[in-house]
Amino acid sequence: MKKKLLALTLSMAMVFTMAACGSSSDTDTAADTDTEAAAETDEAAEASGEGISAKVALITMDQMDVHWTRLEAAAEERVAELNAEGNNIEMTWLAPETKDNAQQIQKIETAIADGSEYIIIACNDATSCNNALQEALDAGIKIIYVDSPASLEGSATFATDNYAGGVQAGEYLLQVLTDAGVTEGTIGIVDAQAGVDSCQNRYDGFASVFEGTDFTLGERQYSDGDNSKAQELANTLIVNGVVALYGTNDGATNGAAAAVADAASSGSTVYCVGWDKSDSNIAHVEGGELLAFMAQNPDVMGIDAIDAVVALASGEDLGGEVVDTGVSTVTIDNVADFK
């Protein structure tokens, strides 16, 4: 409306000036008409809702874990939907190939250099990226966390309550062990990477369930989320006599379940629970070597993060809100629902 008012005012001023000078040719009148028409076109475009414009960098922990590919795919789909409605959102996936703090920091620096206005990030750990993220904040970039936040406050966080999910996994395994008449022994821990905040919380929640019992939690074995490495670590734990295994992410769980399957073929019984929905872990549940996995909602994280970008670009203050995106225990009884 301001554009139209300004254009009309200028147009009227030109008309009065020309009248005073005794010059009101057909050419001048046409020019005035064109100016007013342009102003009305601008106003119409605004009224039709051209939407918001935003340049977004998505930085996950790596590109190989199905959890991150699902999150990225959901975010991309949401961007496409919003752009079809008249918005102009550009999203680039800048994740490192493998989990590595230095590589993730480089991706943040790339996002800053590329002129990103928003960074959606799942941090490898709570502190390693803080300096780079602070540099982004100083440059006016908004930070939105998914899955795993840093200790530096962002505009919003969309993540699983990993501690509560760890408790859920521990309670399920303890009940299975109790039902099987197993009341003591060592539980092997196949972890992803040291310092990953989400996995730390999953471990802490799980460990809390076994406090005061006759079970012992073994030293955490770090697989970097790699299936093959996780399987090798789990094989060694089984040889050393663990009664159960707990995997803290998709790769760790997949490898642990594969090791349990190998042990079963030799007549050994080892109970296994873990984390994250994937085709492999679904197959392991159906095969019986994986009793349960905790299914997150990475698609919800991706969608909610993009919607947060729209809200911020529209001038909303999200106030650092933390949204729990939920977790489900997937067993043989309900695994068909998660295919």
Looking at segment 113-133, which of its residues are under 18 Å from L312 (Cα atoms) and either open to solvent by 50 Å² or more (accessible area, probe 1.4 Å) or over 17 Å from the mean Cα position of the chain (by Cα) (or both)? G115, S116, E117
Across segment 179-227, which residue is nearest to T160 (Cα to Cα) among those that are open to solvent by less than 40 Å² (accessible area, probe 1.4 Å) and of a type in the set (S, T, N, Q)? S198
Looking for something without any contact (Cβ under 8 Å) to a residue 40 or more places away in the chain and hydroxyl-bearing (S, T, Y) - is there at least one such residue anywhere in segment 210-219? yes
Under 6 Å between Cβ atoms, which residue pairs at least 6 apart in sequence (or on different chains) link something in segment 108-132 that is within 19 Å of V322 (Cβ to Cβ) and in contact (Cβ under 8 Å) with a residue 60 or more places away in the chain with a partner that is of a type in the set (K, R) and assigned to a strand (DSSP E or B)? Y118/K142
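Can E289 be described as crowded, with 17+ Cβ neighbours inside 10 Å and part of a loop (DSSP other than H, G, I, E, B)?
yes
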Quick one: G267 ticks every box in (1) in a helix (DSSP H, G or I); (2) open to solvent by 50 Å² or more (accessible area, probe 1.4 Å) except a single one, so which number is it? (1)
Taking the criterion of being among the polar types (S, T, N, Q) and open to solvent by 20 Å² or more (accessible area, probe 1.4 Å), would at least one residue in segment 137-148 satisfy it? no
Determine which member of the set D179, D125, D147 is modelled with pLDDT under 95 and either aromatic (F, W, Y) or on the phi < 0 side of the Ramachandran plot (or both). D125
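The values are calculated or read from the model by the stated rules, or taken from the named source; none is laboratory data. Predicted model only: the values in this text are computed from it and were never measured. Note that each Cβ is placed from the backbone with ideal geometry, even for glycine, and that neighbours are counted across all protein chains shown. The accessibility values were calculated without ligands, DNA or RNA, using every heavy atom of the protein model including side chains. Shrake-Rupley method; radii C 1.70, N 1.55, O 1.52, S 1.80 Å.
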